[in-house]
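Structure record follows, encoded as structure tokens.
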Amino acid sequence: MSSHGDHPTRSRGRDPSLPALLGDWLCLDFANTVNDRTGKNPRDTLAGYADLARWAWHAALVTGTERDHLFAAAEARPTAASSVFAGAIALREAVYRVFVAIAAGANPARADLATIQQAHLTALGHAHLARGTGSFEWVWDEPPALDRMLWPIATSAVALLTSDRLHRVKQCPGCDDCGWLFLDVSKNATRRWCSMDDCGSRAKMRRQYARRKGVV
């Protein structure tokens, strides 16, 4: 169990068909599971519980064996899996709205903060102290429950909200349709895009095209 729930470096993740992990913080990566967030046709990459379990493996929250266990558990308990999935989407959207507000310098809605807080309290009920290398550390209950992947996500959100890096949360302008969130871990806090290879590159091409057309 990570104390911060962060990703030390940006990553494409395990599954190239799923959104790259460009948020530099776990809960932001989870919020970024909707493509073209601020566009006219946002595309949700999570359509059901199986997608949620697959994303958890993609983000290295569970092993391949644990992912397969979750698949089987969801098939055996479809109603419970559907309930967990609904809760996951509610948590994701609360996380997204909270950090969009923070990135814009606004105050998040109390209801969204309450959703994150409740998810965090639930997560703490599934963590316990165990001896690690030279010290004790938090570990999650085993075997993995259906909502296993939500515990580190909620912990991650609270860790970021209470950290001294909150001011570095930004939202990608992404040619008016990206809207992904990220933690600017650059030395001078100059990162603007979720990815220079994608949104940054497209913005550069737009500027070059406008110059050729004499617009700028």
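The values are calculated or read from the model by the stated rules, or taken from the named source; none is laboratory data. Note that the structure is predicted; figures quoted are calculated from it, not measured. Glycine gets a Cβ as well: all are built from the backbone with ideal geometry, and neighbour counts include every protein chain shown. Please note that ligands, DNA and RNA were not included when accessible areas were found on the heavy atoms of the full protein model with its side chains. Shrake-Rupley method; radii C 1.70, N 1.55, O 1.52, S 1.80 Å.
With respect to the stated conditions, F85 fails to be of a type in the set (F, W, Y), free of Cβ contacts under 8 Å to residues at least 60 places away in the same chain, out of contact with any Cys (no Cβ under 7 Å at 6 or more places or on another chain) and open to solvent by 40 Å² or more (accessible area, probe 1.4 Å).
Looking at L26, L22, L18, just one residue is surrounded by fewer than 22 Cβ atoms within 10 Å (Cβ to Cβ), in contact with a Ser or Thr (Cβ under 8 Å, 6 or more places away or on another chain) and under 26 Å from R191 (Cα atoms), and that residue is L18. Can you tell me which residue is nearest to the chain's Cα centre (by Cα) among those in the range 16-33 that are hydrophobic (A, V, I, L, M, F, W, C) and assigned to a loop (DSSP other than H, G, I, E, B)? The residue in question is W25.
The one condition from (1) assigned to a loop (DSSP other than H, G, I, E, B); (2) more than 26 Å from R191 (Cα to Cα); (3) open to solvent by 40 Å² or more (accessible area, probe 1.4 Å) that A72 does not meet is (1). Scanning the range 90-109 for residues that are assigned to a helix (DSSP H, G or I) and either at pLDDT below 95 or more than 15 Å from P152 (Cα to Cα) (or both) yields A90, E93, A94, Y96, R97, V98, F99, V100, A101, I102, A103.
Scanning the range 148-183 for residues that are among the charged types (D, E, K, R), without any contact (Cβ under 8 Å) to a residue 24 or more places away in the chain and assigned to a loop (DSSP other than H, G, I, E, B) returns D164, R165. Tell me, please, whether a residue that is open to solvent by 20 Å² or more (accessible area, probe 1.4 Å) and hydroxyl-bearing (S, T, Y) can be found in the range 30-43. Yes - at least one qualifying residue is present in the range 30-43. Which residue, of S156, S82, is over 21 Å from P19 (Cβ atoms) and touching a Phe, Trp or Tyr at 6+ places or on another chain (Cβ under 8 Å)? Only one candidate passes the filter, namely S82. Of all residues in the range 123-164, exactly one satisfies the criterion of being touching a strand residue (DSSP E or B) at 6+ places or on another chain (Cβ under 7 Å), over 22 Å from L113 (Cβ atoms) and small (G, A, S), namely A130. On inspection, S186 fails the criterion of being in contact (Cβ under 8 Å) with a residue 60 or more places away in the chain, surrounded by fewer than 21 Cβ atoms within 10 Å (Cβ to Cβ) and in a loop (DSSP other than H, G, I, E, B). Does the range 114-136 contain at least one residue that is under 20 Å from T33 (Cα atoms), of a type in the set (S, T, Y) and touching a Lys or Arg at 6+ places or on another chain (Cβ under 8 Å)? No, the range 114-136 contains no residue that is under 20 Å from T33 (Cα atoms), of a type in the set (S, T, Y) and touching a Lys or Arg at 6+ places or on another chain (Cβ under 8 Å).
Taken over the range 110-142, residues that are open to solvent by 40 Å² or more (accessible area, probe 1.4 Å) and assigned to a loop (DSSP other than H, G, I, E, B) amount to 7. Return a yes/no flag: does the range 154-167 have any residue that is within 22 Å of R12 (Cβ to Cβ) and at pLDDT 95 or above. Yes.
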